[in-house]
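Following: one structure in structure tokens, then a few remarks.
The values are calculated or read from the model by the stated rules, or taken from the named source; none is laboratory data. Keep in mind that what you see is a predicted model, and the values were worked out from it rather than measured. Here the Cβ positions follow ideal geometry from the backbone for every residue, glycine too, while neighbour counts run over all protein chains shown.
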């Protein structure tokens with residue numbers, strides 16, 4: 001009996017009842033690393049937004065924000081991305097309740113909303129291009145496409161992570177704490193949303 | 001088990017047992033954010049009504065939305081302050097980069 005108890009303790013050494021590692025700080029190393037990564041992402045987007053703010057008036061005779069921006073369309077895209085943050089947080093809550101079917105459902109809805117947002121961005125870029133705003137047309141266009149394009153790539157990566165997570169949960173191949181794995185993707189997704197909150201206001205709504 | 005390991009396990013357990021808001025709470029927060037987005041967007045249709053107040057209003061709304069998402073949706077309000085510190089350091093450096101940019105190109109370049 002004593003031997004079994006010793007074996008059981010050894011087998012679970014360094015893990016809690018959620019299947020996660022117990023660390024020296026008492027905090028999840030994965031979560032700490034994710035927050036550090038998001039902090040560094042602030043620098044990336046900070047640089048891109050600053051560049052856009054400085055160059056948005058440098059366009060010569062090319063079309064500018066007032067001529068090409070479709071605010072109603074971008075408002076709908078912004079609303080879609082905002083609602084995807086709600087579905088993401090519902091997925092995290094479902095994962096914490098160990099409710100796999102609802103977790104997969106909310107993750108899939110979040111991914112679909114992300115796809116809608118990216119689709120809107122592709123449509124926007126295409127229409128801007130047809131109106132004569134190429135990537136190298138002016139400093140304004142270069143900084144605009146770089147900023148919003150980088151954000152679009154982040155959303156696309158988020159969609160891939162969400163769909164991969166749905167697949168991993170479906171196959172039952174989540175190693176460690178499942179709720180934490182979903183929460184990590186959730187943090188990334190909310191960050192992408194929060195960056196768009198800034199871009200939508202500074203780039204689209206505040207007049208140049 | 002050593003005292004350090006016991007302390008870490010206790011802290012870890014505390015971190016897992018932090019207050020998790022209900023789905024209804026998050027839905028209310030999302031509705032609040034949707035209302036703020038609607039107000040933001042409405043400034044586009046009534047620019048003359050707001051005139052010089054438009055930009056400060058939009059910036060205040062943006063900050064409220066930003067703060068609400070990181071504090072509630074990203075759980076910073078309910079999690080360890082170390083996670084907040086990690087993010088705020090990055091955010092502070094990003095703002096510093098913008099200020100340096102502004103000074104370099106707007107003032108020193110003249």
*For residue A:116, are the conditions met, namely being part of a helix (DSSP H, G or I), at pLDDT 95 or above and under 16 Å from residue A:74 (Cβ atoms)?*
yes
*Residues being over 16 Å from residue B:35 (Cα atoms) and either within 8 Å of chain A (Cβ to nearest Cβ) or in contact with a helix residue (DSSP H, G or I) (Cβ under 8 Å, 6 or more places away or on another chain) (or both) - total across segment B:57-74*: 4
_From the options A:191, A:150, residue that is closer than 22 Å to residue A:59 by Cα and part of a helix (DSSP H, G or I)_ = A:150
*Taking the condition closer than 22 Å to residue A:53 by Cβ and more than 9 Å from chain A (Cβ to nearest Cβ), does residue B:41 pass?*
no
*Is there any pair with a first residue in segment A:154-174 that is surrounded by fewer than 17 Cβ atoms within 10 Å (Cβ to Cβ) and a second that is outside any helix (DSSP H, G or I) whose Cβ atoms are under 6 Å apart and which are 6 or more apart or on different chains, and what are they?*
A:168/A:174
